[in-house]
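What follows is one structure encoded as C-alpha cells, with my remarks underneath.
The values are calculated or read from the model by the stated rules, or taken from the named source; none is laboratory data. Nothing here was measured: the structure is a model prediction, and the numbers come from that model. Here the Cβ is made from the backbone with ideal geometry for all residues, glycine too, and neighbour counts use every protein chain on show. The area values use the complete protein model at the heavy-atom level, side chains included, leaving out ligands, DNA and RNA. Shrake-Rupley method; radii C 1.70, N 1.55, O 1.52, S 1.80 Å.
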Amino acid sequence: MDARPHRDTDPDQLQPKRRRHRRRWLLLLLIVPFVGALWVPSYNSLTPTLWGIPFFYWYQLLWVILGAGITILAYVGDPS
C-alpha cells in the first residue's frame, strides 16, 4: 500500500490553490475604489455637507483614503 496521501487530500497540494483564491479576491478588491470614484451619478450632488464641505469633494477624498487602505490590505495580504 502506498504511504503517500491521496493527491486531493494532500495539504501541500491544497495550499497553493487557497493562496491563489485568496490573492484573486485581494486583487479584485482593488477595483472597488475605481468603481466608487468613476461612478459619477453616485456623488454628483452638493448635499449632504460635512463640516461645510460639499458631498462631491468629501466623497472623492474619502475614496482616496479608502483606496490607500485597500491597497495596503492587498499588499500585506498578498502571499507572494
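Considering the range 2-61, and only residues there that are modelled with pLDDT of 85 or more, farther than 23 Å from Asp78 by Cα and loosely packed, with under 11 Cβ neighbours inside 10 Å, the residue that is nearest to the chain's Cα centre (by Cα) turns out to be Pro48. Pairing residues of the range 24-45 that are over 13 Å from Gly69 (Cα atoms) and in a helix (DSSP H, G or I) with residues that are polar (S, T, N, Q) and open to solvent by 50 Å² or more (accessible area, probe 1.4 Å), at Cβ distances under 9 Å and at least 6 apart in sequence or on separate chains, gives Ala37/Gln60. Restricting attention to the range 62-80 and to residues that are touching a residue at least 12 places away in the same chain (Cβ under 8 Å) and more than 14 Å from Val32 (Cβ to Cβ), the residue that is least open to solvent (accessible area, probe 1.4 Å) turns out to be Gly77.
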